[in-house]
Amino acid sequence: MSDPRHISSRDNQSFKELRALTDDPRRHGRTVVDGIHLVATCFARGVGIRQLLVSESGQQNPEIASLLQSASGLDCLILRDSLFREISGVGTPTGIAAVIDIPPVPAGEIPGDALLLDAVQDAGNVGAILRTAAAAGVRDVLLGPGCAGAWTPRVLRAGQGAHFSLAIREQVDLVAMLASCSGNSIATVARGGASLYELDLTGPIAWLVGNEGAGLSAELVAAAKVCATIPLAGGSESLNVAAATAVCLFEANRQRRI
């Protein structure tokens, strides 16, 4: 690690640039990953780190100290605790973050399973869905307009490192992209679809999941080859979108292992 620079004022130009970066990562082509786990994941996965950010109190954390020892040659900023909290966006941050480049948008057709998100707005839901996709072995995730930004700090925290196992596309015309997805396409709907457990899920699938309140757009439902509904206990209206996605992806995994 190079000799760290200390920042104690909100008027510091480097701090202003960091604030702008966290407000709109995609515009700058970079983002901030926050927390010991995510920074350690970047080191372990060989993700290029442009800059390390450490809070004054974070320097006393043994895990952070260990990470800094392995950060040979990296630019490092030491931020006053209150300034670090502004960058982190959480009340009690662990005290370390890293600025990384957002990976380039994948090109070409989608060879296998894919997950298409239609206006999923909540950052926690988007992050949880990305984490589930990675755990289920679904590599391609496409976010349509209206989704929370995949590379925003809140989604990154919820994803817990899943981003680095995925090919993520944002602001995608989902209807047009369905044409490049091989195999079946399944629209998940709260009611009126075929039971998820009665469908053949053994081949490649493009899964479509929709907005927390409105669900999928009528255009996407019409474009899908099949509509699927998860049977629920009486009196239950629906599942959280992240939970429903997990049920669908792992039911497909279960069928493929029979």
Suppose we filter 133, 150, 119 for residues that are farther than 17 Å from residue 213 by Cα, not hydroxyl-bearing (Ser, Thr, Tyr) and not in a helix (DSSP H, G or I); which single one remains? 150
Residues that are exposed (fewer than 12 other Cβ atoms within 10 Å of the Cβ) and modelled with pLDDT of 90 or more: does the stretch 54-64 have at least one? yes
In the stretch 211-255, how many are without any contact (Cβ under 8 Å) to a residue 40 or more places away in the chain and among the hydrophobic types (A, V, I, L, M, F, W, C)? 7
Residue 164 - would you say it is closer than 30 Å to residue 86 by Cα and either in contact (Cβ under 8 Å) with a residue 60 or more places away in the chain or not assigned by TED's automatic domain parsing to the domain that holds residue 129 (or both)? yes
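One line per residue, one yes/no per condition, for (1) surrounded by fewer than 23 Cβ atoms within 10 Å (Cβ to Cβ); (2) out of contact with any helix residue (DSSP H, G or I) (no Cβ under 6 Å at 6 or more places or on another chain); (3) over 22 Å from residue 100 (Cβ atoms):
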{"position": "125", "(1), (2), (3)": "no, no, yes"}
{"position": "157", "(1), (2), (3)": "yes, yes, no"}
{"position": "167", "(1), (2), (3)": "yes, yes, no"}
{"position": "189", "(1), (2), (3)": "yes, yes, yes"}
Exclusive hit being surrounded by 13 or more Cβ atoms within 10 Å (Cβ to Cβ) and in contact with a Leu (Cβ under 7 Å, 6 or more places away or on another chain), set 210, 215, 193: 210
Kindly indicate whether residue 68 is of a type outside the set (S, T, N, Q), touching a residue at least 60 places away in the same chain (Cβ under 8 Å) and crowded, with 16+ Cβ neighbours inside 10 Å. yes
Apart from one, (1) of a type in the set (Asp, Glu); (2) modelled with pLDDT of 95 or more; (3) more than 20 Å from the chain's Cα centre (by Cα) all hold for residue 86; the odd one out is (2)
Considering only residues that are among the polar types (S, T, N, Q) and in contact (Cβ under 8 Å) with a residue 60 or more places away in the chain, which ones fall in the stretch 167-196? 180, 182, 188
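Residue under question is residue 102, and the condition is that it be touching a Phe, Trp or Tyr at 6+ places or on another chain (Cβ under 7 Å) and closer than 30 Å to residue 174 by Cα; does it hold?
Against the criterion (touching a Phe, Trp or Tyr at 6+ places or on another chain (Cβ under 7 Å) and closer than 30 Å to residue 174 by Cα), residue 102 qualifies.
The values are calculated or read from the model by the stated rules, or taken from the named source; none is laboratory data. This is a predicted model, so every value here is computed, not measured. Please note: Cβ atoms are built from the backbone with ideal geometry, for glycine as well, and neighbour counts cover all protein chains shown.
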